[in-house]
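See below for the structure under consideration.
Derivation of every value follows stated rules applied to the coordinates shown; laboratory data play no part. For clarity, every value in this text was computed on a predicted model and none was experimentally measured. FYI the Cβ positions are ideal-geometry reconstructions off the backbone, even for glycines, and counts take in every protein chain you see.
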């Protein structure tokens with residue numbers, strides 16, 4: 001199953017990357033070579049162009065769009081210039097845990113929280129619990 005939204009493993013570095021984009025000229029293309037030239041050389045940084053494509057700041061070929069110029073090159077644009085493109089990705093009112101849970105819940109079936117437990121699920125849980133207890137009982141207590 002393909003991811004619905006792009007993600008980065010280094011959100012702090014992505015924030016620094018976007019900040020750096022405001023200080024450099026408009027590139028011909030936003031690709032791995034360009035982000036490496038800005039000092040973002042880790043394999044974790046290679047997803048940055050995909051995020052910019054997803055929000056429409058670069059086209060499918062990696063070329064900056066008018067939105068890129070408006071959001072990153074306009075001298076009047078402040079730190080919140082990307083908010084319209086990024087939605088609530090940078091909403092600091094939510095904790096990281098809440099954002100992760102939101103992401104997980106989207107992937108789960110809506111009825112997973114309200115669906116009654118079946119007798120088979122209960123039996124499987126009891127078997128797993130019994131198995132775990134049998135093994136834990138063999139472990140010596142630490143005194």
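Residue 119 versus residue 133, label points 7 Å from Cα toward the beta carbon: distance in nm?
Rounded to a tenth, the inter-label distance reads 2.1 nm.
How do 18-25, 133-140, 52-59 rank on mean C-beta neighbours within 10 Å, highest first?
52-59, 18-25, 133-140
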